[in-house]
Every structure is written in C-alpha cells, then in structure tokens.
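One structure is given here, and the rest of the page talks about it.
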Amino acid sequence: MSKLLTRRGLLKSGAVGGAGLALPTIFTASSASAFTNEPTGGTVTLGFNVPQSGPYADEGADELRAYELAVEHLNGEGDGGMLNTFSSKALGGNGIMGKKVAYVTGDTQTKSDAARASAKSMIEKDGAIMITGGSSSGVAVAVQGLCQEAGVIFMAGLTHSNDTTGKDKKANGFRHFFNAYMSAAALAPVLEKLYGSDRAAYHLTADYTWGWTQQESIQAATEALGWTTVNNVLTPLAATDFSSYIAPVLNSGADVLVLNHYGGNMVNSLTNAVQFGLREKQVNGKNFEIVVPLYSELMAKGAGQNIKGIVGSQNWDWKLSDEGTAAFVKSFGTKYGFPPSQAAQTCYAQTLLYADAVERAGSFNPCAVGEALAGFEFDGLGNGKTLYRADDHQCFKDVLVVKGAEDPQDEFHLVEIVEVTPVDQVTYDPEHPMFAGGALGECNPGA
Amino acid sequence: MEAILLQILNGLDKGSAYALIALGLTLIFGTLGVVNFAHGALFMIGAFCAVTVQKVLTLSKITLDPTKTDFLGNPAQIKTPYVESWFGPDIGAALIDWSVPLAILFAIPIMLLIGVIMERGLIKHFYRRPHADQILVTFGLAIVLQELIKHYFGANQIATPAPDAFRGSFDFGAMLGMDPNVVIYPYWRLVYFAFAAVIIGAVFAFLQFTTFGMVVRAGMADRETVGLLGINIDKRFTIMFGLAAAVAGMAGVMYAPINSPNYHIGMDFLVLSFVVVVVGGMGSLPGAVLAGFLLGILESFASMNEIKSIIPGIDQIIIYLAAIIILLTRPRGLMGRKGVMEE
Amino acid sequence: MLGIKGKDLTLLGVVAVLALCAPFILNPFPQDSAMAQFNAGYPDLMQRFVIFGIFAVGFNILFGLTGYLSFGHAAFLGVGSYSAVWMFKLLSMNVIPAIILSVIVAGLFALLIGFISLRRSGIYFSILTLAFAQMSFNLAYSVLTPITNGETGLQLSLDDPRVLGTSVSDTGGIPVTNLFGLEMRETTTMYFGDWAFQFSNGYYFCAVLLLVSFYISIRIFRSPFGLMLRAVKSNQTRLNYTGLNTRPYTLAAFVISGMYAGLAGGLLASMDPLAGAERMQWTASGEVVLMTILGGAGTLIGPVLGAGFIKYFENIFSKINDNVLHQWFGGLPEGLENGLVWVAEHFVGSGWHLTLGLLFMLVVTFLPGGLVEGGTRIGRLIRGKTRRADEKSAQSKPAE
Amino acid sequence: MGILEVKNVNKRFGGLQALGDVNLSVAENSVHAIIGPNGAGKSTLLNCLVGKLIPDTGSVMFDGQSVLGRTPYEINQMGISRVFQTPEIFGDLTVMENMMIPCFAKRDGAFKLNVIRSVEGQGDIRDRAEAMLVDMNMADKRHMHAASMSRGDKRRLEIGMCLAQQPRLLLLDEPTAGMARADTNNTIDLLKQIKASRDITIVIIEHDMHVVFSLAQRITVLAQGTPLVEDVPEKIKGHPKVREAYLGESTPA
C-alpha cells in the first residue's frame, strides 16, 4: 500500500514543477474534470462504508474483510478468488484500468445521518469514485440518494427492502443483494411443501420501512398459496423483550408465526417465541411453526439453538457447491480462518462487478459504468447465472431457502440449505405495485 | 380477561427487570447523589459474566476427525469441552447446561469488585463535582466498558441459554381452569420474577434490619447530619456502590437467557432505568420498584392488539407518556422526597 | 463596537478569523502525506463543526446559564430538519425560507415542551424533556412515516411539487439547495503546492450564521436577561423573593435555545437535504450535552470547542483503518510495526468510541472546567509565573 | 389600621395545629418583633405572609390588599421583602451583580425580556446598586464572589438586596442566628441605621432577646401557634405568661 490518498497526485506534481509555491492555482473542481473525483493518478479510491459501531458492527466487520479481499484480488495479490471463476474476463489483476485500487473506510453507525456524513467525507476528502457497503435499507437508501446527487456510483451492501430498487431506486445505485419480494417468492413454495396450504399465519413486523415491505411481500406470497393471515402486529424497533407480543399468538388461532424482524429484533423475538414453547405446541391439529423470512449467519449464531428447524431465506451461503463459491470460501477462509457471511459475499461481488464494469466501459465515468452494469449478465460469482436488470438496477439470481440445522457439526453449520429457488420464480415485473412509485432518473456524473 | 392476565404476567416480568436495574441505580442516586450513566454498563457486564462462564465451561480440547471436513476441506475439528473430559460427559454436560445459574456465583464477587474499584478509583472524586461532570465521566466510563466488551466478545448477540430444565413454558391458564394454551408462561421468566423478588426483598431487608442499612437510610435522608455524627460514611458508600453493582450484575446474568446479550444491552436499558428511577421518585427505593413494575405492566398492556388498534403506535411511547403524566401530576414522582436532585 | 467590547469583542474576532480561515487551519498537512488523514478541512466536516457549534451554543444558553439540563434538545434539531426538507419539497430550494421555517417550528415546539417541562426542575425536568424527545423519535421512526419517511429519513425526490421552482433540474436530477442561486454544494478548490484547500459556499453560509449566533449569544450573556438566567441557576428562592418570576425567564431561555437547535437542524438539511429520525434520538440529545460539558458549560466558546472535538473524533478517527496504520508505522521493524498497529487499532477505526470515552474521562477528571479550562491553563503557563498573583484576584470573578 | 393585618389565620399540617387563630396588626413604620419558643409557629406565620404557605383559613392583608393566593414574587412586588435565616443570595454571582438584580426587579417588574442592552450599559441600575453597596459598607467587595464571603457579609448583602427594592415591609427571619456577639451588635446597629434613614416597617422574628429589646417597638409572643401577648417591650419583659411559655428554656438562646 504505497499511496492511499492520491486523489490529485498528478495535479500536485504539476503544480510543484510549474509554478512552485509562488502562485496558487485556483479553479473549481467542476470545471476541472469530466465527472466527480475522476482518478488522475496511479490509483483509484473506493469508499467502504460499513457499520463499525452499534449492533451490526460484526456484520460490518465481515463486509470490510470481504472488501479488503476484493481489493487484494483486484490488485493481483492473493489467489485471485472469484476473479478466476467470474464469467467476465475483463479484469486482469492489475487494478482497475491499470490503476492500483486503494480504499478508505468509514462507520455508518447504522444511522442515515452518520452514513451520509461518512460517505460525504469519502467523496469530498478522499476522492472516492465509488461508495459501497452498509447493513440496513435505511442507510442504503440514504447513501444511494447522496451518491446520486454527488455523481458517484453506489454499490449497495446488505439491503433487503423492496424500496432500495423500488420506489427509492436511483440511476447511480446498484443492488446485488436480493429483496423482500424475492424472499417471499422463494419461501412460499417451500412453505407449502413443508407445512401445507391450509395454514393461518400471525405476523410480527418491525415497525419501519423494511419490516413493512417484508411483511407485505410474504403475506401476499403466502396468501396466494391459500394461507390466511390472522393478524399483523407492528413491534417497535427499540423493543428488546417481545414477550407481550408473542404471548397472545397461541390463542389467536394461528398455527404459523412469521417474524419479519432482522438483527437484534429477530434474535430476541425468536428466542422469546421459543421460550414460550411455541414450537412444541399443536394448533388446529398441526405443529406450530415459526418462519423467519430473512436469515443471516450472525443472527443464527445469536439465537443459538432456538434456530433449529426454522425456515428462512438467504442471498447466498458458503455451503453452496458452485466453483465461484468454492473459490471465494477458500481465499476468504484461508485469510481469516472462518467462512464468509452472505454480507461478505454480496460486498465482494459488488466490488468485482464495479471494477469489471469500469474495465468494460473503459472509463470511470459513473454514467459509462452504469451503462456497462445495466443489463449485464454474468456467472461465477457464487449465485449462478445473474442479471443486473437495467430497469431497476436489481440483480436477479437464485434465492436460497435455508433451515436451522438440527445438529450442527460446528458453529459454521448452523443453517442448512433446503432448496435453491431458481431465478424465474423470484423475478417480477419492474412495475410491480410493491416496487412502483419511483424512477431511476438520469445518471449523474457530478460535473 | 385471559389477555389481561397474560399481559399482567408479562408486565411483571418486564417490570422485574426494570425494577432490578432501577433499584441499583437509585441506591447510587439516592445515597451518593451520583448520576451514574455507567449503571447500564454494569448490567451489561453482568450479562457478560454469564457469557464468560459459558465460554470457560465450553473451552474445548480439539481433535481432528478425518471422516468429516471443515469449510476449507481440511479434516474437521471435533471439540470436546474440558469439563466433559474431566468430570465425565454427564456431569460436564450438566455443568455447561447450568452455566447461567453458575455464573451468579461468579458474578457476585466480580461485580462487587468492579463496583468498589469504580467507586474508589473514579466516582469518589466526583461526589462534590456538579452533576454535569458526573454525567460526562460516567458516560465516558460506560463507553469504555462497552468498547472493551465489544473488542473481546464482538458486537453480535451471544446465545446464553437457560438450563434445559427451565426451557419451554407451562400452562398457567390450564391450572386456573381455562382452555389450554391461553395463558402460557416460560419457566425461565418465572425464575426471573422469583429471583427479582428475592433480590429486592433482600436489599430491603438489608437496609431495614441491619445497622449498616440504618446508617445508609439516614444518609439518604440527610447526608450532612450523618457525616457530622462521625460515622465513616465513605466506607459505607463504597460498599453501597459495590452492592448496587452486584444487584445490576445479577440482574444482567439472569437476563442473559431471556435475550441474548450484546455489548449494547446496557445502553438500551440505561435511559429506561433513569425514567423508572425518576418516575418512582428520587431517593425512594420502594418508588423505583413500584415504578418499574408499573411501567412494565403498562408497556405490556400497550402492546395488546386491542389497544394498538385504537391508538396506533401507543406501545412505542407508552413509557414516556406515562412518565410525563406521572411527573406532571405528582411533582416528585410516585414516592420521591423533597429536595433530592431538584436543582 | 456592535454593542460588545473588551474580551468579548476579541473573542468574537478570534472566532470570526478562525471560521473564515478554517479551510486553511483544518488542512495543515499536505494531501499526500501520511498525516493527511488528520485533515478536517473538507466541506462536510467543516459544515458539521459549525452547525453543531450553533446547536451547542444554543444549548448552552439554557444549560450553561440557567442550569436546566435538557435531555431532549435533539427533538428541536430534528423538527428543524424536517421543516426545512418539507420547505424544499413544497416551496423552493432557496435555503432562506427553509431556515426561517425551521427556526419558527422548532421555537413553537420548544414553547410547547418547555411550557410543560418547566413545571418541574432538576432531574424531573431532564426526564420530562427526555420523554418528549424519545416520543418524537419513536413516532417519527414508525407511525409518522408519511411525514418523516421513517427509517430512511425524509429525502427529496424527482416528483416533489415545489411551487417556486422545478421538480427536476435541467440535467434530470433533483435541484440543489441554494441561496438565491448560489449553490450550497459548490466548492472551489485552491491548490497550493502539496496542499489543496476547499472553499465551500455552504460552509461559508453556515459560518456566517455561526458568527451571528455567537454574537447573539454574547449579547444574551451580557444582557440583564442573561444575568437573570444566571441568577436562576444560582438561587431560585432568592429570585422569587426578589419579585422576579422565574418561569418566563426559563421558558424564554428554553425557546431561544430550541430555536438555535432548529437553526442547526435547518442548516443540516440545507447542506444535505435529508432529515433522519436518529437526529431526535436520546443519543443525539446526549451528544449536545456532552459537547457543552466537554467544552465548558456556561462559557461562551466552550460549547463550540466541544462540538468540534466530538465531531472530529467521529469523522476522522473512525476512518483510520489498519491499512492506514500499517502505512504510518511501515518504516519500523516488522515486529514493532505489528505491535504498534495492534495497540493503535483499539483506538481508531471501529475503536473510535473507546478513544472518545477515554478522552471524556480524562478531560473531566483533569480539566474540571472543560476544554476552556485547558486553554486557560495553557494561557497561564505562557504568561508565566510573574503574573500569577494577578490571576488569583481575577479568579474570583465568575468564569465567562 | 396597620400596614399588615393578620386575621384569624389557621394552618394545620396533618394532625398538627401549626397556627391557631393568629391575629396580628403591625403599624406602619414600626419595628415589630415576633418571639416564641421553638416550634411556636413563628416561621410558619412568616411563610404565610410571603406566599410560601397558604393558610387554611383567615386573611392576611398588606396595605389593604390580600396577599393570599399570590405567589412569592407577586407579594414581593407589592412591597414585602424577606431576609432568610440562612442568607439566600446568588452565590455564583459577584456582589455587584447580586445587588443589581433587585434593582432590575424594582425597575422592570417580574419579567422583562431585556436582551438588547448589556448589563454594563444600564447606568441607572449601576448607580443604584453602587449606592446601596456604599450604604451597606461593602463597596470594596463589589467584585467578590458572593459565596466566598463571610456569613456576616452575606447577611449584610442580603439585607442590602432587600432594601434595594425599597420595600415598605421588611421581614427578618432570625437575622442574627449563629452569629458571634460582635457580629450581632453590628447587625443591630445596621438595622437601627436602616430604620433611622428611611420610612420602612420591619417585622423581625428572633430568638435573641438582646436583639429584640434593642430594636422592637412592639412584641408579639407566640406559643403553640397562638399569640399569647402583644405589648411594648417593657411590659413583655416581666410578663408572667411569657415566662411560662419560655419555662424550661433558662436562657433564651
């Protein structure tokens, strides 16, 4: 790592060589380059904006590990990881367009404000050409909006709300991760297979945007199977003890509890539900079941044995058997000593996808990069054949349905893959009502 | 009717958590006059005592099993906890299973020690300083403690299950002749409630029936006079601080199975416990306990669908709304004494 | 001059010079040097220094003068931000109407909350303000989402009605905030050898408002009204038995400081048109309390210093990752390098909170009057021992 | 008709009858002392006069207007100032600032949002405060922190602050409590001087008979919440009922 902050490396040497210190050169940034933070030196700076404090800090740390690995691979260090399996061969391990990849990091604190402040400092101070990362939809939407205004590319990290590529989609923003609608679409057939088509569901939903879109999606998908929805109860984000929400469930006539929660909310609500013995109960002559639409390894760890047998969906899992996954798990596991999380995989893939798009476009200009990404079809990044849809900048790929393992071999085997739902089943129309109401707008190069 | 009974039960449980934390906080507030923003951190450290004991008990000898592979394709590591190899698989497994109750034994001396060190090393220099300075220093301390825990245990929640014997729930309603599954209640929450009742009772008995307690109560009522009597208040204050830390710590240990702890759990409770203490009234121990249960039960009621459908979002604000109403109708909270922290 | 004199005028002058030269002062290191990491002279952070400075100066009018510790001041900041963004959405991208509305709405909100909360004093007052702010936050995050856009925060979109102006700019994007056409985000960069200094319109707009706010704050401190507020803090009983009604004094102070918070909120939204609900959370209220105490409650300049201190750590230290550390210590033998990096990484990057917590403890333990006290001590050291006698007699004067 | 008329005032605290049928008439420009053993209800009575307590029954009239139901600051604005047993001053402020506050209160009333001009720019207030400090013989202490002064000086400052409002009635609650004999004598002299230099009515509650008999023109003896006797000092001295009331308190301290 020689130079991290070489935003204006060439300009600097030019100024020193020419006018020396005698006369300052004054001009506005906008007139100097064709787009925001055009890399002019031998390096290009990416901004990794992940939660480093607050409840998602571990997820953020894993994202950061993946980013560091991706940078290594892009710069031709290490074993190359998924660069070897990626269907596009534009990247050659010599940085991006011959420029060495440097990066800066920041703390989103999982707050829209702090995340935007952090992203702004990357753009204004460090000259980052692309911002990526994050662990919640609120932050993703907020930073995506910022990047649109500033004229840089945003490659979303973990964000699952429909809104990110729905009503809040932006021309400069791209999401590799799947979304609430896809979770629901993938889960529904499996739920039918496992639990039948005559079920009554009770929803507990985190009372904020992501929770609502998740609940809306899963309710629609399960009702299409013939399930009924007994109730949908909104729970405060700040709630830690869900006992008073869970206690009435058994007596409501429902025989399935759907927990539209993520992170700490999910760990606590699931733990509470299991404490109340819901899993051992029989209602309507059927075993009572719990469903958690969005799973993550870290949540599974936090919930411990409560997770056993609980069904949910994931964007990716390290236990997949394709060669991309194998390559990624190998280089990540060798470097850090444990397998990567789905957050790590999506962040790694996003970095590679961005770099590849720049190479193919032949320019760092966000508009050119966006054009290269839109409608791009690829394979070999762990998710099978994938399409970056041009209409909404959402990736379409297979979705995993997973289940908490009954007898995990070790702490890395807490979940097992039940089914890989093919991409066709989770694809939706860009004008689907759950995603309507927004527009990509024009791409903004910032200058 | 059943729903109300159910929510009262839930409320009692929430309330016992609030009351336990508030009890320690008001001991420090009332006796020492210190605004302790690090009190939540003490609760959090208590919970991590449970995590630590669990981690220690599950320390494992690693052997390789060539028949299985790990995620990198190497032979899988089989972990056998040392306690299992030392005491035999049954006793070993039982020890691990009972790690949370065992952690209480570990937590009491640790928390007393932490409390005493905190008081002697830091807080005592701040007795005569403005409340603002106390807030700043204890808030700083809370952050430091939190970050240290985060550094060693990570930010993720750590599952600390209750012993098998207490898993699941029992049918309270069926006992009262109602339909089955109407009023169910987890065993561990019953344990928690009973535990809270015992601790609260013990603290009250200690303050009521011992000479030490008498002096402390006198000190809460009028610090200057007690000081004038030539009684060594300093030493007693140190012990009080240790006691408050131990109460918070034990509350944390027992809470760990209810919600898997993470490093932030103390901050989540901090604001709430201040509200509880103040609603109870400054300088009043019974007030804090009463307010804890009252707010716990109100919170549970507010989360009932019937009530939420009338006033959406009421469960988001009920505690604060109740606090405002109580403080406006009763100037010094439920049982507060005049002149304590009113300036 | 300007109705203030002596030390106060000097102080205002110093603040003015510092604010105007901030792009230079905060960028002391050449941009390619290893120390460039510590540069804070980029628009967003400079704006934050100034905006949170305004917030803390206002908070200090309430807390520093009257001693009433509000734990819910972030609510006014949040309300100010929401008002401003709504103004951008509905009326115009000009920042003036947005900021005026922010101040007015925050003032009204403060009047309501203050009227109720000021019925109690001490900790009871603190908890009442906390309760109001937490209610605002919780509702803004959930039930009030149609007004606040909940978790994401209120943003501009391409279909905002905007009566005076267009929904979409010529280039197809969302129009930017401006002051009669002067774009807030526009930045001029000046290169000077190895240094690059950024001059942002938005920053200077904020800086001018900081100076105005600071000036008003000085006037309030020195006015009979300010004297009465200090008397409230000192002895309410005597004040009552001197024929003065404390309630309107404290309420006025509360509303004024609420309006400062509203101004800060409006400015935040003007610099970056997004209003997040977290702005109203108790941690945000706690932050301004910490800023004020850390800098020196009741002093004029202290809160500004405290605000700068905390924001600096939040934005600069959190961005130092182990990659940067390796670069710094790269010249050392490998064992030593790794050791130093291992120690240092506890305090930077994701460990920035730890550093901040430790500094809180150190400052409050060794500098009881906050950072201002530190400044005074340094000043005293410089002026030497000979004048120590004078200092002692001056010490009996109230800290200002 | 006196400037202060207390009629049939009763006050109970739970089961305790603190004041029972108190009647009191204080003549304008007189010095009236209220004495009585501990717990006689002297302080309760005083608190009823300044609005800190509200009597259960009865009336308190000041210059023909009822004070009942008014807050302390309103009563003060009517012209009643009170000196406390332990001096209540603004400890964090300088002596000069302490003195200026009552001057502002006199000029501006109970509330004025006066932020336009600086304190320094208020010449009239300064002059008045300065004059009062000279009167109180503490002009040299004007820059001192009030809290750092001796108790005697604090008392003097407090009396000065009350006088700065030019009250018509000055209430003194044991002004010499806890003072050494020399300080007590100084206070007596000060009060005599105050009385001599202006038209003012003084009501003084005191334990120290030396102070009472040096100053008072009339004395009311209170016992168990009820006035026993009211008379001129000479008659009080040997009054049998007074001795009875003080029985057990060999030397009134």
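The values are calculated or read from the model by the stated rules, or taken from the named source; none is laboratory data. Note that the structure is a prediction, hence the values are computed from the model and not measured. Neighbour counts are summed over all protein chains in view; Cβ atoms, including those assigned to glycine, are modelled from backbone coordinates with ideal geometry.
Taking residues in the stretch C:295-315 that are over 23 Å from residue C:231 (Cβ atoms), and partners anywhere that are among the basic types (Lys, Arg), the pairs with Cβ atoms closer than 6 Å and at least 6 places apart or on different chains are C:311/C:48.
Go through the stretch D:39-73 and report how many residues are in a helix (DSSP H, G or I) and either away from chain C (no Cβ under 14 Å) or more than 21 Å from residue C:244 (Cβ to Cβ) (or both).
5
In the stretch D:66-102, how many residues are among the charged types (D, E, K, R), without any contact (Cβ under 8 Å) to a residue 60 or more places away in the chain and closer than 27 Å to residue D:149 by Cβ? Can you show your working first?
Filtering the stretch D:66-102 down to residues among the charged types (D, E, K, R) leaves D:70, D:74, D:82, D:88, D:92, D:97.
Then drop every residue that is not without any contact (Cβ under 8 Å) to a residue 60 or more places away in the chain, which leaves D:70, D:74, D:92, D:97.
Filter again for closer than 27 Å to residue D:149 by Cβ, leaving D:92, D:97.
Looking only at that region, the number is 2.
When the stretch C:1-29 is limited to residues that are in a helix (DSSP H, G or I) and in contact with a Phe, Trp or Tyr (Cβ under 7 Å, 6 or more places away or on another chain), the one that is nearest to residue C:219 (Cα to Cα) turns out to be C:12. Screening residue B:165 against (1) within 14 Å of chain A (Cβ to nearest Cβ); (2) under 30 Å from residue A:296 (Cβ atoms) leaves a single unmet condition, (2).
Residues that are at pLDDT 95 or above, out of contact with any Gly (no Cβ under 7 Å at 6 or more places or on another chain) and more than 22 Å from residue A:384 (Cα to Cα): find the strands (runs of 3 or more DSSP E) completely inside the stretch A:112-219 holding 2 or more of those. If you could, list the steps in order and put the result at the bottom.
Numbers: elements: A:130-133, A:153-156, A:173-175, A:200-206.
Passing ranges, in order: A:200-206.
With the condition kept exactly as written, say whether any residue in the stretch A:385-398 is part of a helix (DSSP H, G or I) and basic (Lys, Arg). Before you say what the answer is, go through the steps one by one.
First, pick out the residues of the stretch A:385-398 that are part of a helix (DSSP H, G or I): none.
Looking through the stretch A:385-398, none of the residues is part of a helix (DSSP H, G or I) and basic (Lys, Arg).
The set of residues from the stretch C:207-227 being facing another protein chain (nearest Cβ under 7 Å) and either farther than 19 Å from residue C:259 by Cβ or assigned to a helix (DSSP H, G or I) (or both) comprises C:219, C:220, C:222, C:224, C:225, C:227. Consider the stretch B:235-270 and keep the residues that are within 30 Å of residue B:329 (Cα to Cα) and surrounded by fewer than 24 Cβ atoms within 10 Å (Cβ to Cβ). The one that is modelled with the highest pLDDT is B:267.
Looking only at the stretch B:75-98, residues that are in a helix (DSSP H, G or I) and either touching a residue at least 40 places away in the same chain (Cβ under 8 Å) or among the hydrophobic types (A, V, I, L, M, F, W, C) (or both) come to 9 in all. Residues in the stretch A:215-230 that are surrounded by fewer than 22 Cβ atoms within 10 Å (Cβ to Cβ), out of contact with any Ser or Thr (no Cβ under 6 Å at 6 or more places or on another chain) and of a type in the set (S, T, N, Q): A:228, A:229. Of all residues in the stretch B:306-326, those being at positive phi and modelled with pLDDT of 90 or more number 0. With respect to the conditions (1) touching a strand residue (DSSP E or B) at 6+ places or on another chain (Cβ under 8 Å); (2) under 21 Å from residue C:182 (Cβ atoms); (3) not in a helix (DSSP H, G or I), residue C:92 falls short on a single one, namely (1). Set side by side, the residues D:147, D:110, D:129 differ, and just one is in contact with a helix residue (DSSP H, G or I) (Cβ under 6 Å, 6 or more places away or on another chain) and either buried (at least 21 other Cβ atoms within 10 Å of the Cβ) or more than 7 Å from every other protein chain (Cβ to nearest Cβ) (or both), which is D:129.
Tell me, yes or no, whether the stretch A:405-414 has at least one residue that is touching a strand residue (DSSP E or B) at 6+ places or on another chain (Cβ under 6 Å), crowded, with 17+ Cβ neighbours inside 10 Å and either farther than 21 Å from residue A:89 by Cα or in contact (Cβ under 8 Å) with a residue 40 or more places away in the chain (or both).
no
Summed over the stretch B:256-300, residues that are part of a helix (DSSP H, G or I), over 16 Å from the mean Cα position of the chain (by Cα) and of a type in the set (Gly, Ala, Ser) total 3.
Residues being in a helix (DSSP H, G or I), within 19 Å of residue C:240 (Cβ to Cβ) and over 20 Å from the mean Cα position of the chain (by Cα) are represented in the stretch D:107-119 by at least one member. Determine whether the stretch D:178-197 contains at least one residue that is in the same structural domain as residue D:16 (by TED's automatic domain parsing), surrounded by 19 or more Cβ atoms within 10 Å (Cβ to Cβ) and polar (S, T, N, Q). No, every residue in the stretch D:178-197 fails to be in the same structural domain as residue D:16 (by TED's automatic domain parsing), surrounded by 19 or more Cβ atoms within 10 Å (Cβ to Cβ) and polar (S, T, N, Q).
Quick one: in the stretch A:259-279, of everything that is more than 20 Å from residue B:166 (Cβ to Cβ) and touching a helix residue (DSSP H, G or I) at 6+ places or on another chain (Cβ under 6 Å), which residue is surrounded by the most Cβ atoms within 10 Å (Cβ to Cβ)? Selected residue: A:260.
Assess whether residue A:114 counts as being assigned by TED's automatic domain parsing to the domain that holds residue A:344, buried (at least 24 other Cβ atoms within 10 Å of the Cβ) and either among the basic types (Lys, Arg) or closer than 18 Å to residue C:348 by Cα (or both). Here the answer is yes, as residue A:114 does meet what is asked. Can you confirm whether residue A:246 is surrounded by fewer than 24 Cβ atoms within 10 Å (Cβ to Cβ), in contact (Cβ under 8 Å) with a residue 40 or more places away in the chain and more than 7 Å from every other protein chain (Cβ to nearest Cβ)? No. Inspect the stretch D:130-141 for any residue being touching a residue at least 24 places away in the same chain (Cβ under 8 Å) and touching a Pro at 6+ places or on another chain (Cβ under 8 Å) and give the result as yes or no. No, that holds for no residue.
What are the residues in the stretch C:149-191 that are of a type in the set (Val, Ile, Thr) and within 11 Å of another protein chain (Cβ to nearest Cβ), if any?
Looking only at the stretch C:149-191, we keep the residues that are of a type in the set (Val, Ile, Thr), and these are C:152, C:163, C:166, C:168, C:171, C:174, C:176-177, C:187-189.
Passing the criteria: C:152, C:168, C:171, C:174, C:176, C:177, C:187, C:188, C:189.
Which of the strands (runs of 3 or more DSSP E) found entirely inside the stretch D:184-249 contain at least 1 residues meeting this: farther than 26 Å from residue D:158 by Cα and free of Cβ contacts under 8 Å to residues at least 60 places away in the same chain? Can you show your working first?
On the way: elements: D:201-205, D:218-223, D:226-231.
Where strands (runs of 3 or more DSSP E) fall fully within the stretch D:184-249 and carry at least 1 residues being farther than 26 Å from residue D:158 by Cα and free of Cβ contacts under 8 Å to residues at least 60 places away in the same chain, they are D:226-231.
Kindly establish whether residue A:303 is in contact with a helix residue (DSSP H, G or I) (Cβ under 6 Å, 6 or more places away or on another chain) and under 17 Å from residue A:411 (Cβ atoms). Outline the logic, then answer.
Values: in contact with a helix residue (DSSP H, G or I) (Cβ under 6 Å, 6 or more places away or on another chain): yes; under 17 Å from residue A:411 (Cβ atoms): yes.
Yes; evaluated as a whole, the condition is true for this residue.
Of all the residues in the stretch C:359-379, those that are touching a helix residue (DSSP H, G or I) at 6+ places or on another chain (Cβ under 6 Å) and without any contact (Cβ under 8 Å) to a residue 12 or more places away in the chain number 2.
Report, by residue number, each residue of the stretch A:223-239 that is more than 15 Å from residue B:308 (Cβ to Cβ), polar (S, T, N, Q) and in contact with a helix residue (DSSP H, G or I) (Cβ under 6 Å, 6 or more places away or on another chain). Passing the criteria: only A:229.
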